[in-house]
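The values are calculated or read from the model by the stated rules, or taken from the named source; none is laboratory data. Only a predicted model underlies this, so the values are computations on that prediction, with no experimental measurement involved. Cβ placement follows ideal geometry from the backbone for every residue including glycine, while neighbour counts extend to all protein chains displayed. Accessible surface areas use protein heavy atoms only, side chains included; no ligands, DNA or RNA. Shrake-Rupley method; radii C 1.70, N 1.55, O 1.52, S 1.80 Å.
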Amino acid sequence: MSTTEGAPERTPGARTDVEERLLGGSTYRSLGEQRLSPAEERFERGRRTIGLFLAPVVLLIFLALPLGIRPSQQVLAAVLLAVIVLWVSEAVPIPIGGLIGVALIVIFGVAPASDVLAPFGSSTVFTFIGAFILAQAMLKHGLARRFAFRVLSLPGVGRSTARVIIAFGAITCLLSAFVSNTATVAMLLPTALGILAVIAKMMQDRGLAAADFDPTRLRVGAALMLMLAYGASVGGLLTPVGSPPNLIGRGLIEEATGTKISFAEWMAVAAPICLGMFVILAVVLLLLNKPEIRRIEGVEEYVAGERAKLGKFSPAERNTLIAFVVTVTLWITPGVVAVFWGTESSVYDTVSGRLNEGIVAVLGASLLFLLPTSWGRREFTLNWSDAARIDWGTILLFGTGIIFGSLLADTGLAETIGTSSADALGLSSTLAITAFAVLLAIVVSETTSNTASAAVVVPIVIPIAVAAGVDPLVPALAATFAASFGFMLPVSTPQNAIVYGSGVVPITTMIRSGISFDILGGLLILLLLPLMIAAVGLG
């Protein structure tokens with residue numbers, strides 16, 4: 001198998017350096033940079049070839065169809081469909097597919113370049129940059145490895161790969177209830193990679209994997225990473241401050257219906273749904289990404305021995321931990337304020353506005369260049385050459401996703417899709433409108449941010465319900481919950497993009513797992529949410 005320039009040279013039969021491969025690998029690899037079986041290589045080559053020719057065909061056909069909508073909406077829809085083909089097929093590196101779409105949008109006159117490119121200044125993009133630099137320091141100096149061994153040493157957890165995955169998912173869910181989903185995944189990603197490195201190295205040392213295996217292709221790794229991303233989305237539903245769509249949806253519902261949803265009422269409604277979704281998530285991920293090994297024999301002795309080798313914290317580790325703790329503390333602070341003062345208070349508005357998660361992320365990352373490891377030699381915790389190696393491709397990818405999301409709202413395409421679909425279906429009952437709200441929110445959130453999905457879909461659903469003589473609370477809240485879905489593509493949520501950036505989750509694996517969880521989670525919301533709203537006494 002050939003390698004491309006910049007890829008590590010692989011000698012057949014040579015022993016893989018697991019940690020170097022996992023912690024310093026490339027995300028968007030060409031066929032020549034991967035170890036594939038002949039059958040896998042034929043499939044990948046065919047998939048990418050089909051996508052390369054299908055994308056322009058889809059673009060031209062959709063542009064020619066007499067849809068009867070505004071030209072800007074039709075062009076945007078055509079370009080977005082073509083880009084999705086490029087993303088799914090990986091005919092070109094996924095960030096490049098997004099950049100091609102952005103260029104076509106400007107060339108075809110959907111919007112001026114200055115307006116199209118403005119979302120690249122989004123706070124989320126800066127969250128990615130700061131969090132990735134923090135993660136780079138945690139990986140470089142071994143702090144992620146310490147955290148990984150700490151998780152694996154929990155009583156009974158480290159003996160089974162399924163328990164490791166479920167325990168890590170539970171930690172993720174609880175954190176994301178009060179910390180933003182993006183921040184939660186960003187802070188836990190290095191630990192997840194550290195856990196995977198430990199499992200992969202143990203498999204290699206004990207002859208359970210070939211000496212020259214590729215640890216980025218382990219199913220246990222894909223399950224762990226997807227649990228991290230999807231678990232954050234599930235946990236984010238638990239409180240009003242767990243995810244931006246919650247606050248947006250709650251505000252729109254209160255404005256339209258006059259029904260106030262308190263912090264406690266929200267949690268009472270959401271808790272059973274979150275628990276059910278977590279159970280479904282664990283089952284789906286462990287069935288579709290069945291770990292190569294079920295039991296990890298002798299893990300206690302192995303972990304104890306490796307922890308002993310780590311010794312005391314080095315100056316670089318201490319500095320990295322300081323930067324990490326400062327960042328996490330500032331990320332958590334708005335959630336703590338919300339619990340004690342409420343989300344309607346001026347205190348919360350001030351704190352959440354000034355402790356913007358993107359600003360906090362870059363501030364925390366900046367500490368790594370200010371905290372010295374050797375003042376005499378003027379050496380600091382991180383060098384710029386280290387920071388330059390973060391996954392800029394994922395940052396570009398999510399930036400283009402934000403662009404498409406903002407254009408879906410600005411051109412009115414999302415509203416056109418929603419209202420025309422509702423008119424065509426002739427919705428008239430609470431169940432039908434709620435099912436439509438869930439489906440529309442999931443579909444929109446697959447190609448745009450969750451925040452944009454809630455902002456677009458909830459205002460569509462409320463007047464549809466009112467026109468049908470239905471209380472809009474149930475369908476609007478269902479749309480709010482479903483807006484936090486979108487599990488199929490890296491651009492669907494920031495947390496999807498972050499774990500995809502690890503290089504451990506193939507796009508086909510994310511699509512297969514994501515669509516299963518979309519369907520089952522949507523059905524759970526449809527069936528359980530009305531019961532919980534009635535039980536709590538809302539509406």
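For this structure, a couple of remarks:
- Among the residues examined, Ala256 qualifies as open to solvent by 50 Å² or more (accessible area, probe 1.4 Å), more than 20 Å from Ser345 (Cβ to Cβ) and more than 19 Å from the chain's Cα centre (by Cα).
- Residues of segment 216-272 that turn out to be in a helix (DSSP H, G or I), among the small types (Gly, Ala, Ser) and over 30 Å from Thr508 (Cα atoms), as a count: 7
- Checking each residue in segment 334-351 for being open to solvent by 40 Å² or more (accessible area, probe 1.4 Å), part of a helix (DSSP H, G or I) and either modelled with pLDDT under 85 or farther than 18 Å from Pro245 by Cα (or both) picks out Val336, Val339, Phe340, Trp341, Ser346, Val347, Thr350.
- Some residue of segment 386-403 being open to solvent by less than 40 Å² (accessible area, probe 1.4 Å), of a type in the set (Gly, Ala, Ser), part of a helix (DSSP H, G or I) and closer than 23 Å to Ile69 by Cβ: yes
- Matching residues in segment 490-502 - criterion: being open to solvent by less than 10 Å² (accessible area, probe 1.4 Å) and part of a loop (DSSP other than H, G, I, E, B): Pro490, Val491, Ser492, Thr493
- Test for Val284: is it loosely packed, with under 15 Cβ neighbours inside 10 Å and of a type in the set (Val, Ile, Thr): no
- Of all the listed residues (Phe128, Phe147), the sole one being open to solvent by 40 Å² or more (accessible area, probe 1.4 Å) and closer than 30 Å to Ile280 by Cα is Phe147.
- Residue check for Val234: hydrophobic (A, V, I, L, M, F, W, C), open to solvent by less than 10 Å² (accessible area, probe 1.4 Å) and in contact with a Phe, Trp or Tyr (Cβ under 7 Å, 6 or more places away or on another chain): yes
- Of all residue pairs spaced 6 or more apart or on separate chains, those with beta-carbon atoms under 6 Å, a first member in segment 451-463 that is touching a residue at least 40 places away in the same chain (Cβ under 8 Å) and more than 20 Å from Asp423 (Cα to Cα) and a second member that is β-branched (Val, Ile, Thr) and open to solvent by less than 10 Å² (accessible area, probe 1.4 Å) are Ala454/Thr480.
- Qualifying position, being within 22 Å of Thr493 (Cβ to Cβ) and in a helix (DSSP H, G or I), among Val466, Val443: Val443
- Residues of segment 371-382 satisfying the condition of being in a loop (DSSP other than H, G, I, E, B), open to solvent by 20 Å² or more (accessible area, probe 1.4 Å) and touching a residue at least 12 places away in the same chain (Cβ under 8 Å): Leu371
- Only listed residue being under 27 Å from the mean Cα position of the chain (by Cα) and either part of a helix (DSSP H, G or I) or at positive phi (or both), chosen from Leu59, Leu104: Leu104
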